[in-house]
Amino acid sequence: MIFDIIKGSVHDGPGIRTTVFLKGCPLRCIWCHNPESQHFEKELLWIPDNCILCGACIHTCPRACHTISDGHHQFRRDNCIRCGRCAEVCPEKALRISGRKMSIQEILDVVLEDRLFYEISGGGLTLSGGEPLAQVDFAEALLKAAHHQGIHTCIETCGYAEESVLERLAPLTDLWLFDFKADFASYPSLTGKPADIIFANLRKLAEKKSRIILRCPFVPGRNDMSVCRKELSDLVWELRESIQHVEVEPYNPLGEVKYAQLGRKCLMTAEKPSDAQTARWIALLREVLPCEVISG
Amino acid sequence: MYEIIAENFTPVLFRNDPFFWETGLKTAEYNGRRELSAGGFLMLNREHLYREKHPESFLEYIMADRHALHLAYGPFCDYDHHCFPFSNLLKLGLSGILARLREGRRKNTCPDRDDFYTAAEKGLNSVQKIILKFAQAAEQRKNATEDPADRTHWERIEQTALKLSQDPPGTFFEGLASLRFFYEIGNIMDGIGMSVLGSPDRQLIRLYRADLQAGRLTREEAYDLICRFMLQVDCKLDSSRPLDKQYNAGEQGDTLILGGLDEAGNPVDNELTEMFLRAHEELQLIYPKIQFRTSRRTPAELFHLVARPYLAGRNVIGLLNDEVLIPALLKNGKTPHDASGYVAGGCWEVIAEGTEHSEGANCYFSLGRAMDLTIHHDPELLKELGLDFKQPDSASSFQEFLDCCMDNVKTALKKMLETIAECGSVWPEVNPCPFFSACLDTCAETGLDYTQGGAKYSPHSVPLTGFAIWIDSLESVRKICFENREASLQEMLTAVRNNWKGFEQLRKKVLSLPHWGGGNPAVRELAGEILRELHQFITSFRNERGGPFQCGLYSYSDIVFWAKQTRATPDGRKDGDFLAQGITPSRMHHDSITSVLKDAASLPLEDFPANSVLNLNLSRNGLTEDALVALLRCWTEIKASGMLQLNCISREELEDADRNPGSHEGLIVRLYGYSARYVTLDADRRREFKERNLF
Ligand code: SF4
Ligand code: SF4
């Protein structure tokens, strides 16, 4: 199950890439800006501001989830079976289904369309999510197919998986974009999972001489404490043979509205850090890290 | 006129500016009008000649501008966006140009050419007189001071002016002084606007290296001169004021061309290219507008230098693609030497430097409005425009619908091209340019002003805009009405004529169809066929000078203002929605960069030597320098357009800039061939910018 494919991405690894977003993630980072990627099943997003009250959804819904009265559109999510019919007819994208099944071949066909761009730019395929490690069979098959075609591969991961998953995927992955989200003690409260499995996995990858870029979300007040900087520094020094560089990703509040669209509670709201704030944090990291730190 | 200017102008010199150029005639040059672009005073004073000679054609042509069908800038001939023929001057000097003119006169046997020779010679003599007045003024300033540094400064201006009054420049400093002075003098003498400040890396490298070798100049001194050369161009404008309070709404030509290939296909970039780029970045300049020419041989370091300002929120550099433009110029009759020396005028008007004028911004033609006028039955308006359009209602096949649309667009183009040829032939009387012409190649031999076709090349560009509307509308009718038969043509026409009100489902279907930029082979094929047909049609006409019409794909801020008059179209666009620039896909679809680039690269762009422009706005969030360089390489190598108008921005930053303008003074965005501070833009321009697709 994927929730998106983005071709021509210049934001997910080197060169121009096709990024395949797999749906479902075991973590629940409080700052997650893609909440529609978290669940493993399809979900319906409802964006009332886009609704022009045309009534098309009312007639197609088999569960009578939509009603319009007095110029107001009511949506009863508890009745919804996420069949997607209403989203198909909505002319204004007020309803949208997140999640669709695609075969390896279908995805590969899309990926191969941009081969020329990978060749010129040093790009390739990136698996992102959600969490690609959570759909290991699918990820393995797709990476194999891509390698078979001579296409460079990346995995963007939170690192939470059984060791055997990494054993299977490491030989097929040319570059890991591995998250460092917070200091170890804060992992459970900020992401919903403990850090030990995650960083044991990171060390495993380093042992295998995998190439790794560490990606660090920057959420002021949450993960920019000195302990965080210290632990990141220790880790990068320890694994400096494998870690190519560190990318700092400032928190993006654009995802906050999506929680409401999914009928879920947003776990955190904050402003986007200013460029100056991000630059300061990068400067602080540069003081202690033995590798390049860039804004990602 | 030349003699009056030379007699009466005042040389103005500045203590901290090593160059001399200010004649105090700026207001006269602009005829006292703030909103006029470079040049124009003769045109404004003598435009009545057009009206008197061809009153009916004049009126209909102007009406087409007023009704957003095509531009009427000039109104029949472009009076600015020119490039002074620097390379000829750098080779021959004024005395050489004069000698060439006299030689031409000696050999010329046509008595009716005498006026041209006489006027051109007076023009050249007057320019020599103007330079000597600068020399004199500098000498006076020198004699009035005891300060050794001051004396050196004035002495250098004096000596340089004396030299340039006769000879070509012999040092790097003199080379820069020539570019600066002749750019300005070109604007003043003939009333037409110069937009290009030169291609200094290719034109001055020999002088720079010779200076270094002879110990006359250090790298640091050269860098300082480059900074001062550019700084005084930028500080002409107070770009922090709201746009409507700035001179010419903040837009100046002042274009500097860097990089690119030579006639043998070798890259010309050198240490000067790098120094100009670095200085522009270090000084945080907007002007001069840098147009950087890329090719598959552009070194990585230069791509990185070009990429860096974008990532800092300074979207100030234009990108020209030699892989597209040089073959297009060659195919359209330019020699390898002339094609490889091309420059882009004000925004993107491609000119063969030294051998032709600019005619790139006079008549943008809106395919979007042509589609609107085909669909919306509006006999009154058509009558005002003098156009007889066919009605598409009775088409019983897609071919018939297509033929109707193409016939209509050709009717409108024919009218425009014939009017330009008819009325434009008055241009030599409105605005003859003997001085400028004498500096161009071949006018001295032909004895004809460029306005009469005396230059080596005499093209007139026809830039098309609203391309995505045209293609997507045709595809929409093809699929919905004739292939899938989801609605009849009549229903479709009714929906569009009602601005889609009550037809939301049909519009949704239209928006989900294959479209331009979406990577669909059938759409690509249609787009290619249409461009080939339009190219063939347009180039079958001859222009006002007897030269060819050449095609382009771009427009200016018309994508904002014409949009207001352009009604709904079958591509799903509603009344008033903005147009897309050049070959940029519609704003209603969000495709990948790669499918946009591949679609663009599939077009027969070699038939569009006037330029073909693509807009891309990239999200700055998470964008690294390496990734941006990779993208620029791809755009160049797959030949996706002649020009890329790139922005790297973040939506949040734009929203915050709307709320807190004071904190975003440094955010500069690329608009329509030029860059401006975002916070100075008016509401329309901001909305247009924000509504561009973000990749
Ligand atoms: S997804 Fe299906 S069940 Fe849910 S609201 Fe839409 S049509 Fe009804
Ligand atoms: S189909 Fe979409 S626009 Fe129409 S009423 Fe339903 S949600 Fe609103």
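Below is a table of values for the structure above.
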item: Region B:642-695, residues that are farther than 26 Å from B:Ser592 by Cα and among the β-branched types (Val, Ile, Thr); result: B:Val679, B:Thr680
item: Lone qualifier among B:Arg219, B:Arg180, B:Arg241, B:Arg202 - being basic (Lys, Arg), touching a helix residue (DSSP H, G or I) at 6+ places or on another chain (Cβ under 8 Å) and under 17 Å from B:Glu271 (Cβ atoms); result: B:Arg219
item: Considering residues of region A:87-103 that are more than 8 Å from ligand 2 (Cβ to nearest atom) and not charged (D, E, K, R) only, the residue surrounded by the fewest Cβ atoms within 10 Å (Cβ to Cβ); result: A:Ser103
item: Those helices (runs of 4 or more DSSP H) lying entirely in region B:32-76 with at least 1 residues modelled with pLDDT under 85; result: B:41-46
item: Residue, surrounded by the most Cβ atoms within 10 Å (Cβ to Cβ), within region B:625-675, restricted to residues that are closer than 18 Å to A:Ile16 by Cβ and small (Gly, Ala, Ser); result: B:Ser641
item: Given (1) within 13 Å of ligand 2 (Cβ to nearest atom); (2) away from chain B (no Cβ under 14 Å), number of the condition A:Ala141 does not satisfy; result: (1)
item: Selection from region A:136-151 of residues that are of a type in the set (Val, Ile, Thr) and not in a helix (DSSP H, G or I); result: A:Ile151
item: Failed criterion for B:Gly96 (all others in (1) more than 30 Å from B:Ile205 (Cβ to Cβ); (2) out of contact with any strand residue (DSSP E or B) (no Cβ under 6 Å at 6 or more places or on another chain) hold); result: (1)
item: Evaluation of B:Val316 against (1) over 20 Å from the mean Cα position of the chain (by Cα); (2) within 24 Å of A:His11 (Cβ to Cβ) (one fails), failing number; result: (1)
item: Check on B:Thr255, buried (at least 20 other Cβ atoms within 10 Å of the Cβ) and among the hydroxyl-bearing types (Ser, Thr, Tyr); result: yes
item: Where A:Pro273 falls short, out of the listed (1) on the phi > 0 side of the Ramachandran plot; (2) within 14 Å of chain B (Cβ to nearest Cβ); result: (1)
item: Subset tally (residues that are under 21 Å from the mean Cα position of the chain (by Cα) and either assigned to a loop (DSSP other than H, G, I, E, B) or hydrophobic (A, V, I, L, M, F, W, C) (or both)) for region B:557-600; result: 15
item: Qualifying positions in region A:247-268 - within 14 Å of another protein chain (Cβ to nearest Cβ) and of a type in the set (S, T, N, Q); result: A:Asn252
item: Subset of region A:12-31 (residues that are touching a helix residue (DSSP H, G or I) at 6+ places or on another chain (Cβ under 7 Å) and within 14 Å of chain B (Cβ to nearest Cβ)); result: A:Pro14, A:Gly15, A:Ile16, A:Thr18, A:Val20, A:Phe21
item: Residues of region A:16-58 classified as of a type in the set (D, E, K, R), surrounded by fewer than 21 Cβ atoms within 10 Å (Cβ to Cβ) and more than 16 Å from ligand 1 (Cβ to nearest atom), total; result: 2
item: Subset of region A:86-135 (residues that are in a helix (DSSP H, G or I) and within 16 Å of ligand 1 (Cβ to nearest atom)); result: A:Cys86, A:Ala87, A:Glu88, A:Val89
item: Scan of region B:299-356 for residues that are hydroxyl-bearing (Ser, Thr, Tyr) and out of contact with any Asp or Glu (no Cβ under 6 Å at 6 or more places or on another chain), ordered by number; result: B:Tyr310, B:Thr335, B:Tyr342
item: Some residue of region B:270-281 being in contact with a strand residue (DSSP E or B) (Cβ under 8 Å, 6 or more places away or on another chain), in a loop (DSSP other than H, G, I, E, B) and surrounded by 14 or more Cβ atoms within 10 Å (Cβ to Cβ); result: no
item: Failed condition for A:Asn34, given (1) within 14 Å of another protein chain (Cβ to nearest Cβ); (2) within 16 Å of ligand 2 (Cβ to nearest atom); result: (2)
item: Residues satisfying the stated conditions in region B:628-664, i.e. closer than 14 Å to B:Asn315 by Cα and more than 13 Å from chain A (Cβ to nearest Cβ); result: B:Leu644, B:Gln645, B:Asn647
item: Residue count for region A:152-198, restricted to those that are within 19 Å of A:Asp224 (Cα to Cα) and in a helix (DSSP H, G or I); result: 9
item: Residue ID - surrounded by the most Cβ atoms within 10 Å (Cβ to Cβ), chosen from residues in region A:60-85 that are farther than 22 Å from A:Arg264 by Cα and more than 10 Å from ligand 1 (Cβ to nearest atom); result: A:Ile68
item: Test: residue in region B:293-313 that is modelled with pLDDT under 95, crowded, with 19+ Cβ neighbours inside 10 Å and either out of contact with any Cys (no Cβ under 7 Å at 6 or more places or on another chain) or small (Gly, Ala, Ser) (or both); result: yes
item: Members of region A:137-167 that are closer than 19 Å to A:Ile198 by Cα and either crowded, with 17+ Cβ neighbours inside 10 Å or touching a strand residue (DSSP E or B) at 6+ places or on another chain (Cβ under 6 Å) (or both); result: A:Ala139, A:Cys154, A:Ile155, A:Glu156, A:Thr157, A:Cys158, A:Gly159, A:Tyr160, A:Ala161, A:Val165, A:Leu166
item: Matching entry among B:Gly552, B:Gly582, B:Gly572, B:Gly622 (being crowded, with 24+ Cβ neighbours inside 10 Å and more than 26 Å from B:Trp500 (Cβ to Cβ)); result: B:Gly552
item: Residue that is nearest to the other protein chains (Cβ to nearest Cβ), among those in region B:601-627 that are modelled with pLDDT of 95 or more and in a helix (DSSP H, G or I); result: B:Ala601
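The values are calculated or read from the model by the stated rules, or taken from the named source; none is laboratory data. If you're wondering where the values come from, they're calculated on a predicted model, not measured in any experiment. We place every Cβ from the backbone using ideal geometry, glycine too, and count neighbours over all the protein chains shown.
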